[in-house]
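Undergrad: Mind looking over this structure? Questions follow.
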Amino acid sequence: MQVLIIDEHPLYCSGLATVIQDCFSGLSVMTETNLGNGYRACTEFKSSIELVLLGLDCADVNKYPVLSYLIQPACRFQLVVFPSFENINSYKFLISYGVKGIIPKYYSMFEIMSAFKEITSGRIHIPPTAKEVLIDYLRNTDAHNKLLKKLRVTKRQVEVLELMEKNMSNDQIAHTLAISMATVKTHINKLFRALEVTCRTECIKRSYELGVL
């Protein structure tokens with residue numbers, strides 16, 4: 001996988017590159033400490049770059065015109081941002097435009113690696129401090145609603161899926177949602193059919209890939 005890191009702080013940029021290369025085999029990492037050069041690198045190597053990691057130091061994301069290019073559908077790489085701020089509205093903007101992860105710069109090396117693994121497995125990483133608000137926001141976006149409609153998955157089935165993700169048994173799910181065991185089994189069977197899977201593990205994995213979770 002070809003990864004491009006764009007951050008105006010050389011020390012953070014090189015440190016992040018070293019950590020990623022040391023922890024993940026098979027990655028080729030490029031770095032740019034200038035937004036303009038980063039934009040040109042994205043343009044020049046767009047056919048080979050699979051993941052762009054962009055550092056953001058200002059909560060006013062409109063001050064980063066390079067974002068308007070990086071979030072275009074024509075760009076085949078995934079975009080992950082490393083903000084030095086916590087701003088829910090900015091996070092909402094970034095997620096609505098398709099970023100695959102928000103990894104704050106205050107994260108420890110372990111937290112960065114954990115978030116990176118989450119993203120490369122197909123999930124969107126959201127900081128725990130903002131997760132509850134942003135998950136609710138994500139679940140109410142038009143794109144997510146259209147996806148559920150296309151798959152014929154109901155909001156209640158998503159709730160069941162979330163509890164399955166937490167490794168809850170059918171009995172625990174029934175108790176948590178105040179529904180019968182038979183209803184839980186019906187929801188799970190419908191999820192299996194909608195996601196074209198045959199077991200819980202495949203169901204969770206497929207839901208990550210499609211963006212249901």
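Undergrad: Of everything in region 13-34, what is of a type in the set (A, V, I, L, M, F, W, C), at pLDDT 80 or above and assigned to a helix (DSSP H, G or I)? Give them in sequence order.
TA: Matches in region 13-34: C13, L16, A17, V19, I20.
Undergrad: Then there's this: V212 - would you say it is within 19 Å of R123 (Cα to Cα), among the β-branched types (V, I, T), in contact (Cβ under 8 Å) with a residue 60 or more places away in the chain and not in a helix (DSSP H, G or I)? Let's see the steps before the verdict.
TA: Details: within 19 Å of R123 (Cα to Cα): yes; among the β-branched types (V, I, T): yes; in contact (Cβ under 8 Å) with a residue 60 or more places away in the chain: yes; not in a helix (DSSP H, G or I): yes.
Yes: the conditions hold for V212.
Undergrad: A further question follows. Please find, within region 185-203, the residue that is nearest to N167 (Cα to Cα) out of those that are touching a Cys at 6+ places or on another chain (Cβ under 9 Å) and among the aliphatic types (A, V, I, L, M).
TA: Pass one, region 185-203, residues touching a Cys at 6+ places or on another chain (Cβ under 9 Å): 188, 191-192, 195, 197.
Right, trim to among the aliphatic types (A, V, I, L, M) and you get 188, 191, 195, 197.
Working: I188: 13, L191: 16, L195: 18, V197: 17 Å.
Looking at the filtered set, the residue picked out is I188.
Undergrad: Still on this structure, I have one more. Answer yes or no as to whether K150 is over 24 Å from E86 (Cβ atoms), out of contact with any helix residue (DSSP H, G or I) (no Cβ under 7 Å at 6 or more places or on another chain), among the basic types (K, R) and not assigned by TED's automatic domain parsing to the domain that holds L79. Walk me through it before giving the result.
TA: Values: over 24 Å from E86 (Cβ atoms): yes; out of contact with any helix residue (DSSP H, G or I) (no Cβ under 7 Å at 6 or more places or on another chain): yes; among the basic types (K, R): yes; not assigned by TED's automatic domain parsing to the domain that holds L79: yes.
It is true that K150 is over 24 Å from E86 (Cβ atoms), out of contact with any helix residue (DSSP H, G or I) (no Cβ under 7 Å at 6 or more places or on another chain), among the basic types (K, R) and not assigned by TED's automatic domain parsing to the domain that holds L79.
Undergrad: Give region 77-104 a look and list any residue that's in contact with an Asp or Glu (Cβ under 8 Å, 6 or more places away or on another chain), at pLDDT below 85 and outside any helix (DSSP H, G or I), or say none.
TA: The answer is F77, Q78.
Undergrad: I would also like to ask the following. With (1) modelled with pLDDT under 80; (2) within 13 Å of the chain's Cα centre (by Cα) as the list, and D142 as the residue in question, which single condition is left unmet?
TA: The failed condition is (2).
Undergrad: Still on this structure, I have one more. I need a count of the residues in region 155-171 that are surrounded by fewer than 14 Cβ atoms within 10 Å (Cβ to Cβ) and part of a helix (DSSP H, G or I). Can you show your working first?
TA: Step one: list which residues in region 155-171 are surrounded by fewer than 14 Cβ atoms within 10 Å (Cβ to Cβ), which gives 155-156, 166-167, 169, 171.
Among the residues that remain, those that are also part of a helix (DSSP H, G or I) are: 155-156, 171.
Looking only at that region, the number is 3.
Conditions tested, residue by residue: (1) surrounded by 15 or more Cβ atoms within 10 Å (Cβ to Cβ); (2) modelled with pLDDT under 85; (3) touching a Lys or Arg at 6+ places or on another chain (Cβ under 8 Å).
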{"residue": "I119", "(1), (2), (3)": "yes, yes, yes"}
{"residue": "T129", "(1), (2), (3)": "no, yes, no"}
{"residue": "D136", "(1), (2), (3)": "no, yes, no"}
{"residue": "K150", "(1), (2), (3)": "no, yes, no"}
{"residue": "V153", "(1), (2), (3)": "yes, no, yes"}
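Undergrad: A follow-up question, please. Considering each of K117, K131, K105 in turn, give the residue that is free of Cβ contacts under 8 Å to residues at least 24 places away in the same chain and either closer than 17 Å to L94 by Cβ or outside the structural domain of S25 (by TED's automatic domain parsing) (or both). Before the answer, list the steps.
TA: On the way: K117 fails: either closer than 17 Å to L94 by Cβ or outside the structural domain of S25 (by TED's automatic domain parsing) (or both); K105 fails: free of Cβ contacts under 8 Å to residues at least 24 places away in the same chain.
None of the other options fit; the residue is K131.
The values are calculated or read from the model by the stated rules, or taken from the named source; none is laboratory data. Treat the numbers as computed from the prediction; the structure is a model and nothing was measured. Cβ coordinates were reconstructed from backbone atoms using ideal geometry, including for glycine residues, and neighbour counts include every protein chain displayed.
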